[in-house]
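K.L.:
Mind looking over this structure? Questions follow.
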Amino acid sequence: MAEPIDFYFDFASPYGYFASLRIDDLAASHGRTVRWHPILLGAIFKVTGMKPNLQQPLRGEYLTHDVGRIARLTGAPFTFPDSAPVNGVAASRAVYWLTDAHPEQAKLLARRLYHAHFAEGRDIGPAETVAEIAATLGHDRAAVLAALQDPEVKDRLRAETDGAVGKGVFGSPFFIVDEEPFWGWDRMEMLDRWLATGGW
């Protein structure tokens with residue numbers, strides 16, 4: 001069976017949000033599955049020396065224009081959140097809490113969190129908000145809050161972010177298929193063609 005596609009994203013990334021709406025269907029059309037990896041770009045920026053896009057002159061203004069344009073192009077629900085760029089630590093920990101035992105539930109939670117943030121404009125930074133959103137999927141609120149403080153869950157997020165850096169990941173979304181890296185929502189067409197042709 002073909003190897004899964006690794007999908008790296010930060011919950012603060014609107015481009016990651018748009019990618020999350022499509023990546024599983026794209027993969028399935030080529031007989032692939034997807035491993036979802038929430039990461040923390042803040043930690044990665046310490047390696048690359050970059051700053052968040054919204055904090056960069058010119059680039060920040062372009063991003064706010066561009067993501068609205070993508071939403072109109074794709075028909076994706078979108079509201080630019082006042083809390084951007086959000087701190088995705090709690091959201092990412094919640095996903096890893098579920099990943100090993102319940103990978104599909106982990107993906108569903110990631111989608112729900114992304115929707116709350118970029119479709120509804122909610123601030124998903126607070127742990128209470130993450131637990132509230134997880135509860136809509138049937139997870140016990142107290143168990144979620146406890147998981148967010150679990151040292152193993154915290155270590156998992158750190159290890160995943162460090163591991164992403166080790167594989168050359170520096171942005172969101174970032175895809176790796178058969179060791180071939182693709183960065184950005186606008187590389188999904190190239191990724192689709194790569195999968196269809198076997199590369200070039």
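K.L.:
Just the ratio, please: alpha-carbon radius of gyration of the range 73-172 over 2.2 N^0.38 Å, N its number of residues.
P.N.:
Ratio of Cα Rg to 2.2 N^0.38 Å: 1.09.
K.L.:
Evaluate E = 1/(1 + (r/R0)^6) for Arg112 and Thr197, where r is the Cβ-Cβ distance and R0 equals 35 Å; express this FRET efficiency to the nearest 0.05.
P.N.:
Efficiency for this residue pair is about 0.55.
K.L.:
Sticking with this structure for a sec: Check every DSSP H run in the chain and write down those whose alpha carbon atoms cover 18 angstrom or more along the long axis and whose mean Kyte-Doolittle hydropathy is -1.0 or greater. Walk me through the numbers on the way to the answer.
P.N.:
Details: long enough: 59-74 (22 Å, -0.57); 151-166 (22 Å, -0.89).
Counting only whole DSSP H runs, the qualifying helices are 59-74, 151-166.
K.L.:
I need the Debye-formula profile for the range 132-182: one equal scatterer per C-alpha, no solvent, reported as log10 I(q)/I(0) at q = 0.15, 0.16, 0.18, 0.31 1/Å, two decimals.
P.N.:
-0.62, -0.67, -0.74, -1.07
K.L.:
Something else now. Enter the mean projected area of the convex hull around the alpha-carbon atoms of the range 28-133, in nm², rounded to one decimal.
P.N.:
With every direction weighted equally, the projected area is 8.3 nm².
K.L.:
Nearest 5 percent is fine: what portion of the DSSP beta bridges confined to the chain is antiparallel? Please list the in-between numbers first.
P.N.:
Details: 7 of 12 bridges.
Of all bridge pairs located within the chain, approximately 60 percent are antiparallel.
K.L.:
Choose one answer from Arg187, Arg35, Arg69: the residue with the largest mean-square fluctuation in a GNM of the chain with alpha-carbon springs under 10 Å.
P.N.:
Of Arg187, Arg35, Arg69, the Gaussian network model singles out Arg69 as fluctuating most.
K.L.:
Mind checking the full-extension length gain between Phe45 and Ala159? Use 0.36 nm per residue of separation minus the Cα-Cα distance, one decimal, nm.
P.N.:
So the chain would gain 39.5 nm between Phe45 and Ala159.
Every number here is computed from the coordinates shown, using simple stated rules; none is lab data. The structure displayed is predicted, hence computed values, not measured ones. Every residue, glycine as well, gets a Cβ built from its backbone with ideal geometry; the counts of neighbours run over all protein chains shown.
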